[in-house]
1. Considering only the range 26-42, I want to know if a residue exists there that is at pLDDT 90 or above and of a type in the set (K, R).
2. So which residues in the range 123-155 are hydroxyl-bearing (S, T, Y) and farther than 21 Å from D76 by Cα?
3. If you go through the range 54-61 one residue at a time, do you hit one that is open to solvent by less than 80 Å² (accessible area, probe 1.4 Å) and either touching a helix residue (DSSP H, G or I) at 6+ places or on another chain (Cβ under 6 Å) or among the polar types (S, T, N, Q) (or both)?
4. Among the strands (runs of 3 or more DSSP E) confined wholly to the range 61-144, which include 1 or more residues that are over 15 Å from K51 (Cα atoms) and in contact with a Leu (Cβ under 7 Å, 6 or more places away or on another chain)?
5. Give me the residue from the range 112-131 that is within 23 Å of the chain's Cα centre (by Cα) and either closer than 12 Å to D84 by Cβ or not aliphatic (A, V, I, L, M) (or both) and, out of that set, modelled with the lowest pLDDT.
6. Quick check: anything in the range 123-142 more than 27 Å from I57 (Cα to Cα) and not hydrophobic (A, V, I, L, M, F, W, C)?
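The values are calculated or read from the model by the stated rules, or taken from the named source; none is laboratory data. Everything numeric in this text was worked out from a predicted model, so none of it was measured. Because the Cβ atoms are built from the backbone with ideal geometry, glycine has one as well, and the counts that use them run over all protein chains shown. Areas reflect the complete protein model, heavy atoms only, side chains present, ligands, DNA and RNA absent. Shrake-Rupley method; radii C 1.70, N 1.55, O 1.52, S 1.80 Å.
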Amino acid sequence: MRKKLEKPFSMLEKRRLMAEKMIEDMIKNMREMQKEFEKKISEYTEALPEKPTLDLIETDEKLIIKTDLPGVKKEDINIELTEDSITITADFKEEIEVEEANYVKKERRYGEARRELKLPAKIKVDEAKATFEDGVLTVELPKVEVKKKHTLKVE
């Protein structure tokens, strides 16, 4: 009787070990796929420039946007306006000085960078002004409604 009980247990043990091995193999394969996926995402995002950083300043009369665009020429900047939004697009062009250079480290990004922003107030599109100096784009957007401050006296 003892022999009959050992045989089913050894069969169960074999199946358990096979199931564990199968699960380990699946986890290993999933980790390898995840590493490959992360590598591909990294390669893709390295090729894209980051969103340009900006400051949005509001005064009573206007909105002012300052955006850092180092290394961009003003001809490579495009600004699209609506009364309540702005889209700034800049083309970061790669400078190839040496045709067959061996880069030790290459971190600068190239291509088109785009930033869209919903404005906190309606603006006069036809009166907007943009200047570009020392890699900083400054856009001045006059507001449609100038908010007047009223001082209330306490009685």
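1. Yes, the conditions are met somewhere in the range 26-42.
2. The one that is hydroxyl-bearing (S, T, Y) and farther than 21 Å from D76 by Cα: T151.
3. Checked the range 54-61: at least one residue is open to solvent by less than 80 Å² (accessible area, probe 1.4 Å) and either touching a helix residue (DSSP H, G or I) at 6+ places or on another chain (Cβ under 6 Å) or among the polar types (S, T, N, Q) (or both).
4. 62-68, 85-92, 129-133, 136-142
5. E112
6. There is no residue in the range 123-142 that is more than 27 Å from I57 (Cα to Cα) and not hydrophobic (A, V, I, L, M, F, W, C).
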